[in-house]
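**Q** Pasting a structure here, questions to come.
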Amino acid sequence: MREFKTIDSAESAEKLRMRLKDQELEQYGDSITPEYVYDTIKQLPRFSSMRRGHQQDAEEFLGFLLDGIHDECMTVMRKAGVDSDESAQPASPSGNPSGANTDAGWLEVGPKQKQSVTRQSGESLPTPITRIFGGSLRSELRVPGLKNSVTMEPYQPLQLDIGAPDVNNIIQALKAITKPETLTGDFGSPRGPGTTAVKQVFIESLPPVLILHLKRFQYDNTGGTQKIWKKVGYPLELEIPKDVFAPQKRGGLAVQGGAPKYRLTSVVYHHGKSAAGGHYTVDILRQDEREWVRVDDTIIRRIRPEDVAEGGSEEDPKVLARALEQHKADQDASKRNLFEGLDGDDDTDSVRSWNEVNGANKKPTWTSAVANGSSSGKRTPLAKDKSSVKDNKVAYILLYEKMTG
């Protein structure tokens, strides 16, 4: 943060806004390259494969970064004498304060006095990272003749499958998490092998900052890893549907003021056709929640909230197919164009393209023009084919912050 130039300072954002002139409020300053961050994280084992100029997955990078900070927090906490065993002791998460602990977990009493054996999986020592970004899933296995088996599993971020034809927005994707799965096998049931069991997953707890990862890439036996192109709708304000919680928790939502509500604060987009290459841009809601900013490498500009929401609007598949065909034709017709090196089919081209992104051998691929009325501040980049840019971009990671009051 010290790299950024300080224009002025005040006790509060409101006082600062009163002190600054209009042109200063719209001044973002120059972008920076955080070399010291790169030099630090590349020494960590998780980042051993990271090379400047090579394609990296944004969601994987974010996970590695948060895990690295989490590990450092745990090291400091343990040196400070924090008792991990005490912190790890579960407190009957499903609202049964009298739940009896067992060697295998604890007994939980649900509706109609139905008992379940509940266990905790994953690391349980909380840190500032897990308290901010971490939640838990409730995985229930119901085997005839046995007590239900419940496992609490941490998540960070929450993975959303979007490949199903009936999933066109994140509400549908969240509800799809709870879809029951039928399993057949030997579960130790008194009814013998070949018993049919049902597995169902619910959201047990939600974090203050909810990271949603839209699983854009899936493996195909014929074509390898393929990108899911369809638009997936997302709201600027998200109310978590009560269906995603276990039945015994839904009744308590009314006491807590209704279903949890979240405000969208950031969207990471992926441009390009494959998992091996591409380009990332991001929209960010400023801390005062008054405006959105779009960041594309060194280009920073203001945008309208409608422009952010449009990124998840559902699109006619025929229109998208024509755009992709035009995109391919443009690539074949030109030796160098807007999307050169973004598909990752050729490793040399990918390295060259991403070296340009990271500052080595920079060559301009954007022209600048004065921003229009809806995007003031920094100059707005103009692409050679604006429709291709729009159709080529899909939301990949969504960050929501919990609303209070």
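Every read-out reported here was derived from the displayed coordinates using simple, explicitly stated rules and does not represent laboratory data. Keep in mind that this is a model prediction, so the values were computed, not measured. Note: ideal-geometry Cβ built from the backbone for every residue, glycine included; neighbour counts use all protein chains shown.
**Q** Å³ per residue of the Cα convex hull, for region 1-80? Can you show the working numbers first?
**A** On the way: hull volume 13.3 nm³, N = 80.
That works out to 166 Å³ per residue.
**Q** Given the peptides 246-257, 393-404, arrange them by the average over their residues of other C-beta atoms within 10 Å, most packed first. Mind showing how you got there, number by number?
**A** Numbers: 246-257: 12.7, 393-404: 19.0.
So the order, starting with the most tightly packed, is 393-404, 246-257.
**Q** Order these by the 10 Å Cβ neighbour count, fewest first: Val295, Val308. Could the numbers behind the result be given before it?
**A** Numbers: Val295 17, Val308 20.
Starting with the residue having the fewest Cβ neighbours, the order is Val295, Val308.
**Q** While we're on this one: Computed on alpha carbon atoms, what radius of gyration and Dmax characterise region 152-207, expressed in Å?
**A** Reported Rg and Dmax, both Å: 14.8, 42.
**Q** Next up: Taking neighbour counts of Cβ atoms within 10 Å as a proxy for exposure, in what order, fewest first, do Glu3, Glu140 appear? Intermediate results must be reported in sequence, preceding the final value.
**A** Working: Glu3 12, Glu140 19.
Neighbour counts put them in this order, fewest first: Glu3, Glu140.
**Q** Using alpha carbons only, how many angstrom separate the centre of region 126-190 from the centre of region 6-80?
**A** Here the answer is 32 Å between Cα centres.
**Q** Continuing with this model, one more query. Just the C-alpha atoms of region 224-280: what Rg/Rh do they give, with Rh taken as the Kirkwood radius? Before the final figure, lay out each step's value.
**A** Working: Rg = 17.2 Å, Rh = 14.7 Å.
Across region 224-280, the Cα-based Rg/Rh ratio is 1.17.
**Q** Return the long-range amide H neighbours of Ser205 (sequence gap of 5 or more, or a different chain), with a cut-off of under 5 Å between placed amide H atoms.
**A** Long-range HN contacts for Ser205: Ser136.
**Q** With 30 Å as the limit, write out which pairs from Lys215/Lys402; Lys147/Lys231; Lys42/Lys199 have Cα-Cα distances beyond it, or answer none.
**A** Values: Lys215/Lys402 22 Å; Lys147/Lys231 42 Å; Lys42/Lys199 40 Å.
Exceeds cut-off: Lys147/Lys231; Lys42/Lys199.
**Q** Can you compute the equivalent ellipsoid semi-axes for region 194-252, i.e. the square root of 5 times each eigenvalue of the Cα gyration tensor, sorted largest first and rounded to whole Å?
**A** Result for region 194-252: semi-axes of 28, 23, 10 Å.
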